[in-house]
Amino acid sequence: MDVKATVDVGQNTKELLESAGGTVSKLIEELANTLGMTVEKIFPYYIKQAYIKGLTWLISWSIFEIVVLLITLISLKLIFVYDKRDEEDFATAAGIVCIISLIVFVIGVGVGAYNMADWIAMIKNPQYLAIQSLISDAGKLIRK
């Protein structure tokens, strides 16, 4: 079975995708009708959504990592402050917080390293994710 897929992201896009028999094109038209818009206007929305999704994930992850790193550094400082004051209970609590936040930070770096390429691809090439999302949403119409 030979399946062709073509995409035209220009203003005059009549059909975004073609397959043998035009099944995908019909599903996309049905999806566009369900959303109350034309096929020509639906693809730019998917592109914007892909870009926003990549940017949101990247910024959220960055903020999360900065906050966890700050918690780690503050609790590390508190260990030394409480240790100098001979307040062992507070130094122990700060040490536990420091260890936990350090573990969360390292796991977060791993998650970021694993997903970073996808997030940057969403920002640099949102058309790819837009096509995937469009096909996925059109495929959901088949399952109904």
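Where the second residue is among the charged types (D, E, K, R) and the first is touching a residue at least 24 places away in the same chain (Cβ under 8 Å) and lies in segment 109-136, which pairs have Cβ atoms under 8 Å and are six or more apart or on separate chains?
Listed by first residue and then by second, the contacts come to 109/65; 112/65; 122/53; 126/48; 129/53.
Sort through 56, 72 and tell me the only one that's in a helix (DSSP H, G or I), of a type in the set (Val, Ile, Thr) and either touching a Lys or Arg at 6+ places or on another chain (Cβ under 9 Å) or surrounded by 16 or more Cβ atoms within 10 Å (Cβ to Cβ) (or both). Give the derivation first.
Values: 56 fails: either touching a Lys or Arg at 6+ places or on another chain (Cβ under 9 Å) or surrounded by 16 or more Cβ atoms within 10 Å (Cβ to Cβ) (or both).
The match here is 72.
Exactly one condition in (1) under 30 Å from residue 128 (Cα atoms); (2) among the basic types (Lys, Arg); (3) at pLDDT 75 or above is not met by residue 77; state its number.
Here residue 77 clears every test but (1).
Looking only at segment 34-42, decide whether some residue is at pLDDT below 75, assigned to a helix (DSSP H, G or I) and either farther than 23 Å from residue 125 by Cα or more than 26 Å from the chain's Cα centre (by Cα) (or both).
Looking for residues that are at pLDDT below 75, assigned to a helix (DSSP H, G or I) and either farther than 23 Å from residue 125 by Cα or more than 26 Å from the chain's Cα centre (by Cα) (or both), one finds none in segment 34-42, hence no.
Going through 121, 117, 130 one at a time, which residue ends up being exposed (fewer than 13 other Cβ atoms within 10 Å of the Cβ) and closer than 29 Å to residue 50 by Cβ?
One residue alone meets the criteria, 117.
Quick check on my filter: what residues within segment 63-82 are within 19 Å of the chain's Cα centre (by Cα) and in contact (Cβ under 8 Å) with a residue 24 or more places away in the chain? Explain how you work it out, then say what you get.
As a first pass, look at segment 63-82 and keep what is within 19 Å of the chain's Cα centre (by Cα): 63-66.
64, 65, listed by residue number.
Across segment 99-144, what is the number of residues that are within 16 Å of the chain's Cα centre (by Cα) and acidic (Asp, Glu)?
Count: 1.
Run residue 83 past the list (1) modelled with pLDDT under 90; (2) surrounded by 17 or more Cβ atoms within 10 Å (Cβ to Cβ) and report the number of the one that doesn't hold.
Of (1) modelled with pLDDT under 90; (2) surrounded by 17 or more Cβ atoms within 10 Å (Cβ to Cβ), only one is false for residue 83: (2).
In a helix (DSSP H, G or I) and touching a residue at least 40 places away in the same chain (Cβ under 8 Å): is that true of residue 46 in this structure?
Numbers: in a helix (DSSP H, G or I): yes; touching a residue at least 40 places away in the same chain (Cβ under 8 Å): yes.
Yes, satisfied.
The values are calculated or read from the model by the stated rules, or taken from the named source; none is laboratory data. The shown structure was predicted, so the numbers you read here are calculated from the model rather than taken from an experiment. All Cβ positions, glycine included, derive from the backbone under ideal geometry; neighbour counts span all protein chains shown.
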